[in-house]
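Below you'll find the structure, written out as structure tokens, and then a few comments.
The values are calculated or read from the model by the stated rules, or taken from the named source; none is laboratory data. Note that the coordinates shown come from a computational prediction; the quantities given were computed from them, not determined experimentally. Here the Cβ positions follow ideal geometry from the backbone for every residue, glycine too, while neighbour counts run over all protein chains shown.
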Amino acid sequence: MNPLEGGTLQALSRRIPSVMRSEFGRVIENLMDVPGSMGAVLVDDDGYAIDYVYNPKLLDDIDIQIVGAQLGQSVLQTFGTAAHRDLGTPTIVLEGKEVTLVASPVGQHYVLTFVMDASVDPSGVLGHFEAVRSTVEHLLT
């Protein structure tokens, strides 16, 4: 069920806002519409958060930043390998006991990471994640 169905102002006011309320953050807020989402972060190639959004009932703000920084470095390495072999933009899915992580490069210097409850089927979320990722990438160009 889409929490924004019907387009009511009340539904819009329930959305969890990004921490820095940047243009990028307003886009990544859309990932929080996925049932079971815990947080999302956009980091630069040094691992610093550009903006992030998280559900404080499920995750601490430092945790979403650390996940973004740690996973971001690996994703950028994967992106370099994929680019060298002309494989396109990689998306990494890591499924754990309690959480599932989805991450992908945004341009050459940024990474978007999404954290959700492990009960969520990542295959049903990848299209939504890609739409958010590509919108953020468009904002960067």
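Here are a few things to note about the model shown:
- Only a single item in (1) within 17 Å of Arg26 (Cβ to Cβ); (2) at pLDDT below 95; (3) of a type outside the set (D, E, K, R); (4) touching a Leu at 6+ places or on another chain (Cβ under 6 Å) is not met by Leu140, and it is number (4).
- Taken over the stretch 91-141, residues that are in contact with a Gly (Cβ under 6 Å, 6 or more places away or on another chain) and among the β-branched types (Val, Ile, Thr) amount to 4.
- Residue selected from the stretch 86-133 under the condition over 21 Å from Asp61 (Cα atoms) and among the small types (Gly, Ala, Ser), by the criterion surrounded by the most Cβ atoms within 10 Å (Cβ to Cβ): Gly107
- Filtered residue count, the stretch 75-122, keeping only those that are of a type outside the set (Val, Ile, Thr), touching a residue at least 12 places away in the same chain (Cβ under 8 Å) and assigned to a loop (DSSP other than H, G, I, E, B): 9
- Residues in the stretch 115-141 that are closer than 19 Å to Gly72 by Cα and among the polar types (S, T, N, Q): Ser134, Thr135.
- Qualifying residue in the stretch 46-57 (condition: part of a helix (DSSP H, G or I), in contact (Cβ under 8 Å) with a residue 40 or more places away in the chain and in contact with a Leu (Cβ under 7 Å, 6 or more places away or on another chain)): no
- Every pair of residues 6+ apart whose Cβ atoms lie under 8 Å, when the first sits in the stretch 123-141 and is within 13 Å of Val93 (Cα to Cα) and touching a residue at least 24 places away in the same chain (Cβ under 8 Å) while the second is buried (at least 16 other Cβ atoms within 10 Å of the Cβ) and aliphatic (A, V, I, L, M): Val125/Val34; Val125/Val102; Val125/Met116; Leu126/Val102; Phe129/Leu31; Phe129/Val102; Phe129/Leu112
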